[in-house]
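First up is the structure itself, then whatever we jot down about it.
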Amino acid sequence: MFTALRVGMCLICMSGSVGAQTADSTPAPHWINNHVNGFDYQPTPGAVIPLEVSAGVRPSRDRQEATDRVLEEIDRSLLRSEGLSEDRVPVFSRSR
């Protein structure tokens, strides 16, 4: 008796979870980044800098280097807080 009851409860539970999934729903991607359909949509400096210059929003070199130093320090701080190595922090200010 209890076995039949357990089997029945399992079938009811399983049918509820199957019913929640629709046939036309697409699964979420297994990664979150800027790659879609085989293309990389991450903007590169070569594409962004001319657009910033033409729009008049490009920061001065000093301002950009100051921002880069702040970002480097944030990266280092976050890595330290997680107990990870700081060797892999990208160096923005010297990459120009």
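A compact table of results
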{"quantity": "Unit charges on C-beta of K, R, D, E only; dipole of the stretch 43-96, Debye", "calculated": "200"}
{"quantity": "Inter-probe distance in nm under a simple model that places probes 7 Å from Cα toward Cβ, at N37 and I49", "calculated": "3.0"}
{"quantity": "Neighbour-count ranking [beta-carbon atoms within 10 angstrom, fewest first] of E65, E73", "calculated": "E73, E65"}
{"quantity": "Fully extended contour minus Cα-Cα distance, from E86 to T3, at 0.36 nm per residue", "calculated": "24.2 nm"}
{"quantity": "Largest-first ellipsoid semi-axes for the stretch 43-96, taking √(5λ) over the Cα gyration tensor eigenvalues, angstrom", "calculated": "27, 11, 9"}
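Every number in this text was worked out from the coordinates using simple rules, so none of it is lab data. The structure presented is a predicted model; accordingly, all values stated were derived computationally and were not measured. In this analysis, Cβ positions are derived from the backbone assuming ideal geometry, glycine residues included, and neighbour counts consider all displayed protein chains.
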